[in-house]
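Each remark here refers to the structure printed beneath this line.
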Amino acid sequence: MKIAVIGTGYVGLVTGTCFADCGNDVTCIDKDARKIDLLNAGGIPIFEPGLSEMVRHNAQAGRLMFTTDLATGIASAQLIFIAVGTPQADDGSADLSTVWAVADELAKHINGPKIVVIKSTVPVGTNRAFAERLVKGGCQHPVDVASNPEFLKEGAAIEDCLKPDRVVVGVRRPEVAAVLRELYAPFLRTERPFLVMSPESAEMTKYTANALLATKISFINEMANLCERLGADINDVRRGIGHDVRIGFHFLFPGAGYGGSCFPKDVNALVYLARSLGLTPHVIDAVNRVNDAQKKVLGRKIREHYGENLAGKTLAIWGLAFKPRTDDVREAPSLTLINELLALGVSLRVHDPEAMPNIKAIYGDRLVYSDRPYGALEGADGLAIVTEWQQFRNPDFELMRRLLQEPVIFDGRNLYEPKHMSEAGFTYYSIGRAVARPARA
């Protein structure tokens, strides 16, 4: 098939590249000329494991092209995917200004029958409003507008795209569903379901999925905080409930709170949508509040440990991205911790395998950046771990103890066992577990 993808962020670039890798001819379109120039030069504007090689391979094969020219990019396309951002507006709603701008441009340039597929996360009713806007904008050709929400995880987006656990499409005509089923057929060879529903149901499915996953995270974090007060171990509790098939283990890992480009804005958008309809979103409103509070837990543990001696200290931070295997720092818990510690007069030495350029763009020379995890520990009074990168899981504890002025670790991701840390001579704070004290001097 001939496909156009508007937007070259995580969703658009990964989706377009995976479609090309299955033999389709894909043109990715973006108004950001710097992005397009970078892609045409063989680079990529985001970090996603395996994506650079896949983009390069398909571009060299002539199946994947990049342009800023929307009219040319969609001219021969049978399918036009919309994958632009819908960031959170000041009132908590989804900002659809870019989606509407794309609709207005398409109305002027669509040159024949097309299927437009909205892959961006958009509120219920956007599909219908998009179709109406095309007509009002002067589109003279028959256009079907479908909804096809994405369920990609940053850091595993290629795997999620090529081997989805389900594909959801919202359509108004079965013929459109048939075209999309053919497109996705190579991804569904292991009998994963292709779910056809109304566009409104498809739009709601994405928000409901993200809200439920965020709820699981906030729930286990609230239970972790309770465990600390009661002398229970949240990891034992997690194992005790996770083997119940009705509950499971996914997203039941206590930590320093969730961030990223999806959960925070989608939960807020759902809260806004409910309130705009006169409903009170009791559960998802609480999910937000718990997460906002959880992002401050590490800072509280650090303040309680150092007391009045915190100002003037130097702390190391391992992990800046909102999750491992990405360079994305949007709504990252590390930002909350950094802001609090800087305001308290703490000097910070930071390390992240991928996200440091994005953090440097925010904080400039207010932080010391280390390209090695151990380098961040040199001269530091303690260490805070905010992101669970794999390379942090089995460090040289003896070297860490020698480098740190005081052997204390504030672990926001429960990477280590308290008993082991006690034996290694550390004061070890984690989430939902008792503080471990050094077993030896």
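The values are calculated or read from the model by the stated rules, or taken from the named source; none is laboratory data. What you see is a predicted model; the values in this text were computed from it and never measured. All Cβ positions, even for glycine, are placed from backbone atoms using ideal geometry, and neighbour counts span all protein chains on display.
Ala321 passes all but one of (1) surrounded by 16 or more Cβ atoms within 10 Å (Cβ to Cβ); (2) assigned to a loop (DSSP other than H, G, I, E, B); (3) free of Cβ contacts under 8 Å to residues at least 60 places away in the same chain; (4) among the small types (Gly, Ala, Ser); which number fails?
Checking Ala321 against (1) surrounded by 16 or more Cβ atoms within 10 Å (Cβ to Cβ); (2) assigned to a loop (DSSP other than H, G, I, E, B); (3) free of Cβ contacts under 8 Å to residues at least 60 places away in the same chain; (4) among the small types (Gly, Ala, Ser), the one that fails is (3).
Here is a check on your reading of the model: is Glu398 touching a strand residue (DSSP E or B) at 6+ places or on another chain (Cβ under 8 Å), surrounded by fewer than 17 Cβ atoms within 10 Å (Cβ to Cβ), acidic (Asp, Glu) and more than 25 Å from Phe263 (Cβ to Cβ)?
The answer is no for Glu398.
Considering only the range 135-159, how many residues are surrounded by fewer than 22 Cβ atoms within 10 Å (Cβ to Cβ) and aliphatic (A, V, I, L, M)?
Matching residues across the range 135-159 total 5.
What helices (runs of 4 or more DSSP H) lie completely within the range 349-441 and have 2 or more residues being within 22 Å of Arg330 (Cα to Cα)? Talk me through it step by step, then tell me what you get.
On the way: elements: 356-363, 373-377, 397-403, 418-423.
The qualifying helices (runs of 4 or more DSSP H) are 356-363.
Among the residues of the range 143-189, what is the count of those that are outside any helix (DSSP H, G or I) and either touching a helix residue (DSSP H, G or I) at 6+ places or on another chain (Cβ under 9 Å) or touching a residue at least 40 places away in the same chain (Cβ under 8 Å) (or both)? So that I can check it myself, show each step before the final result.
Taking the range 143-189 and keeping what is outside any helix (DSSP H, G or I), we get 143-156, 163-173, 188-189.
Filter again for either touching a helix residue (DSSP H, G or I) at 6+ places or on another chain (Cβ under 9 Å) or touching a residue at least 40 places away in the same chain (Cβ under 8 Å) (or both), leaving 143-156, 163-164, 167-172, 188.
Final tally of qualifying residues: 23.
Assuming Leu64 fulfils every condition listed in (1) of a type outside the set (Ser, Thr, Tyr); (2) free of Cβ contacts under 8 Å to residues at least 12 places away in the same chain; (3) buried (at least 20 other Cβ atoms within 10 Å of the Cβ) apart from one, which condition is it?
Of everything listed in (1) of a type outside the set (Ser, Thr, Tyr); (2) free of Cβ contacts under 8 Å to residues at least 12 places away in the same chain; (3) buried (at least 20 other Cβ atoms within 10 Å of the Cβ), Leu64 misses just condition (2).
Filter the range 65-91 down to the residues that are within 14 Å of His109 (Cα to Cα) and out of contact with any Lys or Arg (no Cβ under 9 Å at 6 or more places or on another chain) and list them by number.
If the condition is that a residue be within 14 Å of His109 (Cα to Cα) and out of contact with any Lys or Arg (no Cβ under 9 Å at 6 or more places or on another chain), then Asp69, Thr72, Gly73, Ala75 are the ones that fit.
Would you mind telling me which numbered condition in (1) surrounded by fewer than 16 Cβ atoms within 10 Å (Cβ to Cβ); (2) touching a residue at least 40 places away in the same chain (Cβ under 8 Å) Tyr258 fails?
(1)
So which of Leu13, Leu38, Leu70 ends up being closer than 29 Å to Ala321 by Cα and either in contact (Cβ under 8 Å) with a residue 40 or more places away in the chain or outside the structural domain of Ala103 (by TED's automatic domain parsing) (or both)? Lay out the reasoning, then the answer.
On the way: Leu38 fails: either in contact (Cβ under 8 Å) with a residue 40 or more places away in the chain or outside the structural domain of Ala103 (by TED's automatic domain parsing) (or both); Leu70 fails: closer than 29 Å to Ala321 by Cα.
Going through Leu13, Leu38, Leu70 in turn, just one is closer than 29 Å to Ala321 by Cα and either in contact (Cβ under 8 Å) with a residue 40 or more places away in the chain or outside the structural domain of Ala103 (by TED's automatic domain parsing) (or both): Leu13.
Ser93 fails exactly one of the following numbered conditions: (1) at pLDDT 95 or above; (2) hydroxyl-bearing (Ser, Thr, Tyr); (3) in contact with a helix residue (DSSP H, G or I) (Cβ under 6 Å, 6 or more places away or on another chain); (4) farther than 27 Å from Ala185 by Cα. What is the number of that condition?
(1)
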